[in-house]
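The values are calculated or read from the model by the stated rules, or taken from the named source; none is laboratory data. For clarity, every value in this text was computed on a predicted model and none was experimentally measured. With ideal geometry, Cβ positions are generated from the backbone for all residues, glycine too; neighbour counts draw on all protein chains shown. In case anyone asks, the SASA skips ligands and DNA or RNA and just uses the protein heavy atoms, side chains included. Shrake-Rupley method; radii C 1.70, N 1.55, O 1.52, S 1.80 Å.
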Amino acid sequence: MDRREFVRTLVTGGYAVGMAHFLGVEDFLAADDDEVPVVTALVRSDPDDPWSLEERTEYVPADWYAAVQKAIELNDRLSRVAFTGYLGSAVVPKSYDDGGAAVSVGVSGDLDSVRETIGELGDGVSLDLRSVLEVDAVEDNSDHYEPRMVESVTASRVPAGIACETPSSLATLGPALFDPEDEQEYFVTAEHAFEEQDDVAGASLSLPVSSEEPVELGPVRSAYPVEDVAAIEPNGELSPSTWIDAPEPVRVRGQLTRWGLADLIARDENLEKVGALTGHTTGRVQGFDAVTCFTDDFCRRGQIRWGGEMDLTDGDSGSVSYYSDPEGEAEDVLVAGFNNARTWWPGQSYVWGVAAYRVTEQYGYHF
């Protein structure tokens, strides 16, 4: 439906065109006939007010949008059918010039039989089938790195990108996570860092300090094992920060949406991260809305794939991937999602973790 058809529909339906504001369609009416508006980010109008979130809208080619939407639907269908040999998949938009989108599918077993099965569901979407070989386990190379710890606690707010400790392991502290329902802010890291605890809820998270004893940050308020996220309630002494301890410190101003990630892939853009072990790295976005069924007896949805397997090691889990905010101040960034695992099989190389938009959709939290 183009703009003229849309306006006709409003009028014949008894609406004045001025009602478009209340219907939320101003962006639609502002687009060219061959474009559609999409929300690419949720951004704080006031960087110091976590509840001042606003939607940022961009215009994308209508044919590209339609192709990506079809790929999203196919990707979801594949994960729900869960045919024999299915190990995961992701949506991979093509460039705006090329148009279209593909679904990258990881499978075990015979590719021809899998291709025939998927072909019945494909509906014209390009498929990129990858055979995943079974291997024993991912190699732990964290001994090659020194954890990034604070020298001393000199401020009340703790930046992201540095080491944090659970009773059983080391992880990376993420930036402040906000819950609009109770207007609370939380420390955040990977839920699997608490995997040796009988009960994750209430388990303590601490801040290791180079020259002093560890400082307790607070207990786990909520744990989400499928998304691999744990929200920690500050105990009152220290608070989470929206700043990430990058080589040039950056400030989280908001987060990318599903379509914001699709846009980055179409433009061949990179994400960045700061982990407690590997530090600062960058890498190309490889897929969004990814489904991962490699590691457990359930599938993880709403994942991001980016960078390469060398961009993450044990201890980096809980860090976030982010993108420089093109409309913000020089230090402002938008969170893409968490980094909690990496590939360990031949033929593919990326970091994966749940996207920020998935956490917001499921539980309401935002950055």
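Comparing 188, 103, 150 in a Gaussian network model of the chain where C-alpha atoms under 10 Å apart are linked, the largest mean-square fluctuation is found at 150.
Could you work out [θ]222 nm for the chain from helices alone, using -39500 (n - 2.57) per DSSP H run of at least four and dividing by all its residues? Round to the nearest 500 deg cm²/dmol.
Details: 7 runs with 68 residues, N = 367.
Computed ellipticity for the chain at 222 nm equals -5500 deg cm²/dmol.
Computed with a 1.4 Å probe on the full set of protein chains, the accessible area for residue 65 sits at about 70 Å².
Compared with the dominant Cα axis of the chain, that is its longest principal axis, helix 62-81 is turned about 60°.
Tell me the Kirkwood hydrodynamic radius of the chain in angstroms, computed as one over the mean inverse distance between distinct C-alpha pairs.
Working: mean 1/r = 0.0463 Å⁻¹.
After inverting the pairwise mean of 1/r, the radius is 21.6 Å.
Calculated on C-alpha atoms, the gyration radius of the stretch 74-115 divided by its Kirkwood radius gives an Rg/Rh of 1.05. Computed over the stretch 149-244, the convex hull of the alpha-carbon atoms projects to a mean area of 5.9 nm².
Counting only alpha carbon atoms, the long axis of helix 111-122 and the longest principal axis of the chain meet at about 60°. Evaluate the Debye formula for the stretch 230-319 with equal point scatterers sitting on the alpha carbons, no solvent, and hand back log10 of I(q)/I(0) at q = 0.15, 0.18 Å⁻¹, in q order, two decimals. One equal scatterer on each Cα of the stretch 230-319 leads to -0.75, -1.06. Of 270, 339, 235, which is the most mobile in a GNM of the chain whose springs link Cα atoms less than 10 angstrom apart? Greatest mean-square fluctuation among the candidates belongs to 235. Springs between Cα atoms under 10 Å define the GNM used for the chain, and in it the highest mean-square fluctuation of 254, 202, 315 occurs at 202.
How big is the gap, in Å, between the Cα center of the stretch 208-235 and the Cα center of the stretch 54-78? Comparing the Cα centres of the stretch 208-235 and the stretch 54-78, I get a distance of 36 Å.
When +1 charges are put on Lys and Arg Cβ atoms and -1 charges on Asp and Glu Cβ atoms, the dipole computed for the chain relative to its Cα centre reaches about 920 debye.
Put 164, 293 in order of accessible area, largest first, 1.4 Å probe: what do you get? Walk me through the numbers before you get to the answer.
Details: 164 0, 293 20 Å².
Descending accessible area places them as 293, 164.
Principal-axis analysis of the Cα atoms of the chain puts helix 3-12 at an angle of about 80° to the longest axis. Per-residue surface analysis assigns residue 363 an accessible area of about 80 Å², computed on protein heavy atoms at 1.4 Å probe radius. Checking Cβ-Cβ separations below 4.7 Å across the chain identifies 164 as cysteines lacking any candidate disulfide partner.
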